[in-house]
Amino acid sequence: RSIVIFASGSGSNVEKIAEYFADRSDVEISLILSNNPKAGVIERARRYHIPVLLFDRTGFYQTDQVTSLLQKQGVDLIVLAGFMWLMPVPLVQAFPNRIVNIHPALLPKFGGKGMYGHFVHEAVVGAGETESGITIHFVNEQYDEGQVIFQATCPVEPTDDAEAVARKVQVLEHRHYPRVVDEVLQRLDLQYEL
Ligand code: GRF
């Protein structure tokens, strides 16, 4: 099975996924794609000898280069790990139920455009929530609204600031995302398309 990972940031989730599959001959991370030439994920990819493809808005939205490259590569699952752009509709349509994303909050709350990265944790603390967590979901044309695959929660103490929540949520991301990606891949083996 072959997976590719889209990331825009430091890539700590990419690293955990690469570690998890490092000794697995049945799953290969064939490419890491990023819209950010300065992303920390590029250095992490180098350490795991995973090729990196950089693209800009024009290449991603005005052409179908990325979609056709992934179709040619025979990608089984597209994983988003801190990817900050909306997936183009043709790409989502080319890979139905084959794109997963992790959101650092308990969707459907604290989701949607603009609710990403650190801002989500500010919003959770600001709303006086007593818990937060992660949502791993399939990606469809609406931002953060695809079918939920897995959620895990962590408590938010009254004394927690956004940074404290971010740390607890990141522990959940690193603990669960690699295994959930593996479970989705295993289910693909059971999915037949007539
Ligand atoms: C994580 O908070 C993830 O939930 C969100 O973007 C961040 C990625 O962090 N989608 P990293 O680049 O994997 O460290």
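The values are calculated or read from the model by the stated rules, or taken from the named source; none is laboratory data. Predicted, not measured: the structure shown is a model, and the values here were computed from it. Heads up: the accessible areas ignore ligands, DNA and RNA and are worked out on the full protein's heavy atoms, side chains in. Shrake-Rupley method; radii C 1.70, N 1.55, O 1.52, S 1.80 Å.
Assorted remarks:
- Normalising the average separation of contacting C-alpha pairs (under 8 angstrom, six or more residues apart) by the number of residues puts the relative contact order of region 123-183 at 34 percent.
- Overall form of region 47-194 per C-alpha gyration tensor (a/c, 1.5; a/b vs b/c): prolate
- Relative to the longest principal axis of the Cα atoms of the chain, the long axis of helix 117-126 lies at roughly 30 degrees.
- Placed amide H near residue 149: partners under 5 Å, 5+ positions off or other chain: 136, 137, 138
- Per residue, region 10-120 exposes 50 Å² of solvent-accessible protein surface, assessed with a 1.4 angstrom probe and all protein chains in place.
- The string of couplings for region 63-73 from the Karplus curve (6.51, -1.76, 1.60, θ = phi - 60°) is 10, 10, 4, 5, 4, 5, 4, 5, 5, 5, 6 Hz, one whole number per residue in order, with x for Gly and Pro.
- Near residue 64, no amide H atom lies under 5 Å from its own; only residues 5 or more places off or on other chains count, and H is placed 1.01 Å from N.
- Carbon/sulfur fraction of accessible area - region 90-184, other protein chains in place, 1.4 Å, %: 52
- For residue 80, distant residues with modelled amide H under 5 Å away: 6, 100, 101, 102
- Between 0 and 90°, nearest 10: helix 12-21 axis offset from the chain longest Cα axis: 50
- Across the chain, the relative contact order, built from alpha-carbon pairs under 8 Å that are at least six residues apart, equals 20 percent.
- In Hz, Karplus ³J(HN,Hα) per residue of region 160-175 (6.51, -1.76, 1.60; θ = phi - 60°; x = Gly, Pro): 6, 9, 4, 5, 5, 5, 4, 5, 5, 5, 5, 4, 5, 4, 5, 6
- Region 138-194: C-alpha gyration tensor shape, a/c 1.5 cut-off, then a/b vs b/c: prolate
- Rounded to the nearest 10 Å², the accessible area of residue 176 at probe 1.4 Å: 30
- Cross-link pairs 38/168; 109/168; 72/113 - those with Cα-Cα distance over 23 Å: 38/168; 72/113
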